[in-house]
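Below: the structure, in structure tokens.
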Amino acid sequence: MFEKFTVIDLIKTRSASVCTFTGNVVKFNIQTAQELHFPEYIQFLIEPKSKQFAIRACKEDAPNAVRFSKPEGEQKAQVKISNATVVDLVRKLMDWNAEDNWNVPGIYFAEEQGIMYALESAYAPKAKGGWAARREREAAAALAESTIDGEEIEK
């Protein structure tokens, strides 16, 4: 009776995380830190073939660990990481101009303690608020989720 059904993936969840590339800075909204449980350090990851960018929580001694968040209760604003290497790599991969800013919605993977961003779902930032801005964010989040569906995470 259930042959045509598929099991719902409980590990992957829609996320409130948004990553913004602006200048030589990568910014993450406060929800990103919340979803990752306010990690002190993260690693940046990239998968050029599928144009995906990711971050995952890690220990201070992990290779290429980058300071990320203050502890819960102390992190009051977005997280800004000035890292020209990361920003340049993403901009080159996506053929984005240095002057342009891009928001990318994320998908949270609890088992991996990470958030994946489908770079092809990026959209230019607009003024906050309003139904149009909300619809654009929701459409980009849905595109990110559908882009990541079918892609396996390498461990």
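The values are calculated or read from the model by the stated rules, or taken from the named source; none is laboratory data. Computed from a prediction, not measured in an experiment: that's the story for all the values here. Here Cβ is always computed from backbone atoms with ideal geometry, including for glycine, and neighbour counts include all displayed protein chains.
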Inset, instruction - Taking A57 as the residue in question, decide whether it is among the aliphatic types (A, V, I, L, M), assigned to a loop (DSSP other than H, G, I, E, B) and farther than 25 Å from A139 by Cα. - result: no
Legend entry - Selection count where residues are more than 14 Å from V25 (Cα to Cα) and of a type outside the set (D, E, K, R), scope region 70-95: 6
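Residues are listed down the side, and each one gets a yes or a no for (1) of a type outside the set (D, E); (2) within 14 Å of I148 (Cβ to Cβ); (3) not in a helix (DSSP H, G or I):
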position	(1), (2), (3)
F44	yes, no, yes
E74	no, no, yes
A77	yes, no, yes
I81	yes, no, yes
E99	no, no, yes
E112	no, yes, yes
I115	yes, yes, yes
P125	yes, no, yes
Inset, instruction - Return yes or no: is K126 basic (K, R), surrounded by fewer than 16 Cβ atoms within 10 Å (Cβ to Cβ) and in contact with a helix residue (DSSP H, G or I) (Cβ under 9 Å, 6 or more places away or on another chain)? - result: yes
Inset, instruction - Look through region 94-114, keep the residues that are hydrophobic (A, V, I, L, M, F, W, C) and out of contact with any Leu (no Cβ under 7 Å at 6 or more places or on another chain), and return whichever of them is surrounded by the fewest Cβ atoms within 10 Å (Cβ to Cβ). - result: A98
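From the list I107, I153, which residue is of a type in the set (A, V, I, L, M, F, W, C), at pLDDT below 95 and in a loop (DSSP other than H, G, I, E, B)?
I153
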Legend entry - Identity of the residue in region 48-72, acidic (D, E) and in contact (Cβ under 8 Å) with a residue 12 or more places away in the chain, that ends up surrounded by the fewest Cβ atoms within 10 Å (Cβ to Cβ): E60
Inset, instruction - Go over the candidates K80, K76 one by one and state the one that is of a type in the set (K, R), touching a strand residue (DSSP E or B) at 6+ places or on another chain (Cβ under 6 Å) and surrounded by fewer than 14 Cβ atoms within 10 Å (Cβ to Cβ). - result: K80
Legend entry - Flag if F38 is modelled with pLDDT of 95 or more and part of a strand (DSSP E or B): no
Inset, instruction - Select, from A98, A16, A65, the only residue that is within 18 Å of the chain's Cα centre (by Cα) and at pLDDT below 95. - result: A16
